[in-house]
1. Of all residues in region 65-110, which are among the hydrophobic types (A, V, I, L, M, F, W, C), touching a residue at least 24 places away in the same chain (Cβ under 8 Å) and over 22 Å from ALA135 (Cβ atoms)?
2. Go through region 113-147 and report how many residues are β-branched (Val, Ile, Thr) and either in contact with an Asp or Glu (Cβ under 8 Å, 6 or more places away or on another chain) or part of a helix (DSSP H, G or I) (or both).
3. Quick one: would you say ALA53 is surrounded by fewer than 18 Cβ atoms within 10 Å (Cβ to Cβ) and of a type in the set (Gly, Ala, Ser)?
4. Take region 13-50 and flag every residue that is surrounded by 16 or more Cβ atoms within 10 Å (Cβ to Cβ), at pLDDT 95 or above and touching a Gly at 6+ places or on another chain (Cβ under 8 Å).
5. Of all residues in region 80-126, count the ones that are surrounded by 19 or more Cβ atoms within 10 Å (Cβ to Cβ) and among the aromatic types (Phe, Trp, Tyr).
6. Report whether or not VAL121 is in contact with a Pro (Cβ under 7 Å, 6 or more places away or on another chain) and not hydroxyl-bearing (Ser, Thr, Tyr).
7. Which of the helices (runs of 4 or more DSSP H) contained wholly in region 1-112 include at least 2 residues that are within 23 Å of LEU142 (Cα to Cα)?
8. If you scan region 1-44, which residues turn out to be small (Gly, Ala, Ser) and closer than 28 Å to ALA85 by Cβ?
Amino acid sequence: MIPYFDTGFLATPILNATGSPIAWRLARLFEAPYPVNRLHVLQIEGMLFKAAASNELPEQQAALTGVRLWNRHFEEGVFEPREEAWEVALRLATNTNRQTEANPVSPLFHLHMAVALLANVTHFLSFRAQARALAAALGLKLLPERL
């Protein structure tokens, strides 16, 4: 069984957000290290850096804690960087994006789905309805099973 974490799902335990216990429980159904790619890193770190630059102290504190936790998870082998075939993934994402013209979703959802398919993952973990619908349409098993 190979998981693919939606960026929002991945961010939930990093920020100790609502749903964090559920995210960790579901992640633990799979064997660590959990694969993450450069798109995950770019999105998570961008989110953390933006929050750290916020004028709101609670948001800054959550971001700084999140950065430490994110880095520690890599150091401890919880997450493992994975190289992807980006050009192939971008072509596939472009094709699936064109197929959903009537019901558009974020292009990043398409790119994550393409990477997941190329990585032969078995399960897609997400709390986002649009990403889950796209993953289900592409034949991936969803976790949690229901929102």
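1. Result: LEU69, TRP70, VAL78.
2. Result for region 113-147: 1.
3. Here the answer is yes, as ALA53 does meet what is asked.
4. Within region 13-50, LEU48 is the sole residue that qualifies.
5. Total meeting the criteria: 2.
6. On the way: in contact with a Pro (Cβ under 7 Å, 6 or more places away or on another chain): yes; not hydroxyl-bearing (Ser, Thr, Tyr): yes.
Taking the combined requirement at face value, the residue satisfies it.
7. By residue number, 7-14, 20-27, 38-52, 86-99.
8. So the first thing to find is which residues in region 1-44 are small (Gly, Ala, Ser), and the list is 8, 11, 17, 19-20, 23, 27, 32.
Result: GLY8, ALA11, ALA23, ALA27, ALA32.
The values are calculated or read from the model by the stated rules, or taken from the named source; none is laboratory data. Please read these numbers as outputs of a predicted model, since none were measured by experiment. Positions of Cβ are backbone-derived with ideal geometry, glycine not excepted, and every protein chain shown enters the neighbour counts.
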